[in-house]
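Peer 1: Sharing a structure with you now.
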Amino acid sequence: MNYLIQADGLTKVYKKRHVIQNISLTIYPGEIIGIIGPNGAGKSTTLDLLLGLRRPDQGTVTYGHPELDRQIGVQLQSTPFFPGYSALENMRLFAAFYGVRLKTDAIMDLLAQCGLEEAARTDAFRLSGGQQKRLAIAMTLVHDPSLVFLDEPTAALDPRARREIRELIALLAESGTSVVFTSHDMEEVYKLATRIVMIDGGILRADGRPEDLLKEYGASGLEELYVQLTEPIRKEDWA
Ligand SMILES: Nc1ncnc2c1ncn2[C@@H]1O[C@H](COP(=O)(O)OP(=O)(O)OP(=O)(O)O)[C@@H](O)[C@H]1O
């Protein structure tokens, strides 16, 4: 099957410490990949390497077709809004970064898709936490990407807002956009992901369909699998 991104043997070293060790990972069209693992496991670094934002010390990242780098949308952990501008204006400015000129109607369609039509004229920084996350996701869609990366899209949101983001991600996937997201909420990952990638200590510990992984490790749920496959925090890491 044609892949979108193929990473082979990725290794990243900071100050002699291997924060990513020999990670190989292929992303295919139509997938919703949930990347899980403890704080500091190397999830964000892996995303950055896949996106070409950081260079691996070893290994390669290959894109399935030459234009893919212009067909990726990215929502990193901090929200990249222009202060003093409405949601709609932020969308327009962000689109311009991609060299895309979007008519107001097209922006309103994207905002509506993300449940933000009524917030279009509101200053982005005045939106609620959930609305800001949805706007950050809407901003990844301005150039009609075939793949979006969402780094903790539901972190620090209330249950309803989380559910809305989950529904939005599922809709994106249904409309043909592949999604790679990170989360610390195991129930959420289990509900949403078609494939789970677990990283701990910079090492890929598990990669597969949720139900297959549970069967393989004899775990009753994803939280149990997580505890089985991740190391307890070591005392020397407490400081
Ligand atoms: N620029 C850098 N210089 C030195 N160390 C770094 C750098 N970037 C990341 N690290 C280290 O690499 C490790 C992996 O960090 P990373 O941010 O990828 O983890 P994460 O799994 O995304 O964590 P979280 O769940 O907390 O977001 C951490 O120990 C971090 O301190």
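The values are calculated or read from the model by the stated rules, or taken from the named source; none is laboratory data. Fair warning: this is a prediction, and the values are worked out from it, not measured in the lab. Here Cβ is always computed from backbone atoms with ideal geometry, including for glycine, and neighbour counts include all displayed protein chains.
Peer 1: With the requirement that a residue be near the ligand (Cβ under 8 Å from one of its atoms) and either in contact with a Gly (Cβ under 6 Å, 6 or more places away or on another chain) or of a type in the set (D, E, K, R) (or both), what does the stretch 1-35 give you?
Peer 2: Within the stretch 1-35, K12, K15, R17, V19, I20 meet the criteria.
Peer 1: Got a number for residues in the stretch 36-53 being near the ligand (Cβ under 8 Å from one of its atoms) and either β-branched (V, I, T) or over 13 Å from the mean Cα position of the chain (by Cα) (or both)?
Peer 2: 8
Peer 1: If you scan the stretch 5-28, which residues turn out to be β-branched (V, I, T), touching a helix residue (DSSP H, G or I) at 6+ places or on another chain (Cβ under 7 Å) and farther than 20 Å from N39 by Cβ?
Peer 2: Across the stretch 5-28, the qualifying residue is only I5.
Peer 1: Next question, about the same structure. Taking the condition more than 28 Å from Y63 (Cα to Cα) and within 16 Å of the ligand (Cβ to nearest atom), does Y226 pass?
Peer 2: yes
Peer 1: Just to verify a result, which residue in the stretch 176-193, among those that are among the hydroxyl-bearing types (S, T, Y) and within 27 Å of T11 (Cβ to Cβ), is farthest from the ligand (Cβ to nearest atom)?
Peer 2: Checked the stretch 176-193; the qualifying residue farthest from the ligand (Cβ to nearest atom) is S178.
Peer 1: Sticking with this structure for a sec: Of the conditions (1) farther than 28 Å from E211 by Cα; (2) more than 16 Å from the ligand (Cβ to nearest atom); (3) of a type outside the set (D, E, K, R); (4) not in a strand (DSSP E or B), T60 fails just one. Which one is it?
Peer 2: The single condition T60 does not satisfy is (4).
Peer 1: Right, something else. How many residues are in a loop (DSSP other than H, G, I, E, B) and in contact with a strand residue (DSSP E or B) (Cβ under 7 Å, 6 or more places away or on another chain) when one looks only at the stretch 86-106?
Peer 2: 0
Peer 1: Moving on to the next point. Just to verify a result, which residue in the stretch 6-47, among those that are touching a strand residue (DSSP E or B) at 6+ places or on another chain (Cβ under 9 Å) and charged (D, E, K, R), is surrounded by the most Cβ atoms within 10 Å (Cβ to Cβ)?
Peer 2: Out of the qualifying residues, it is K43.
Peer 1: Just to be sure, is L88 out of contact with any Pro (no Cβ under 8 Å at 6 or more places or on another chain), closer than 20 Å to I165 by Cα and more than 16 Å from the ligand (Cβ to nearest atom)?
Peer 2: For L88, the condition - out of contact with any Pro (no Cβ under 8 Å at 6 or more places or on another chain), closer than 20 Å to I165 by Cα and more than 16 Å from the ligand (Cβ to nearest atom) - is met.
Peer 1: How many of the residues making up the stretch 168-208 are among the small types (G, A, S), crowded, with 21+ Cβ neighbours inside 10 Å and in a strand (DSSP E or B)?
Peer 2: 1
Peer 1: Another question, then. Considering each of L116, L127, L141 in turn, give the residue that is over 16 Å from the mean Cα position of the chain (by Cα), at pLDDT 90 or above and either within 30 Å of N39 (Cα to Cα) or of a type in the set (F, W, Y) (or both).
Peer 2: Sole residue among the options that is over 16 Å from the mean Cα position of the chain (by Cα), at pLDDT 90 or above and either within 30 Å of N39 (Cα to Cα) or of a type in the set (F, W, Y) (or both): L127.
Peer 1: Kindly evaluate P153 against the criterion of being under 18 Å from K191 (Cα atoms), at pLDDT below 95, under 16 Å from the mean Cα position of the chain (by Cα) and not in a helix (DSSP H, G or I).
Peer 2: yes
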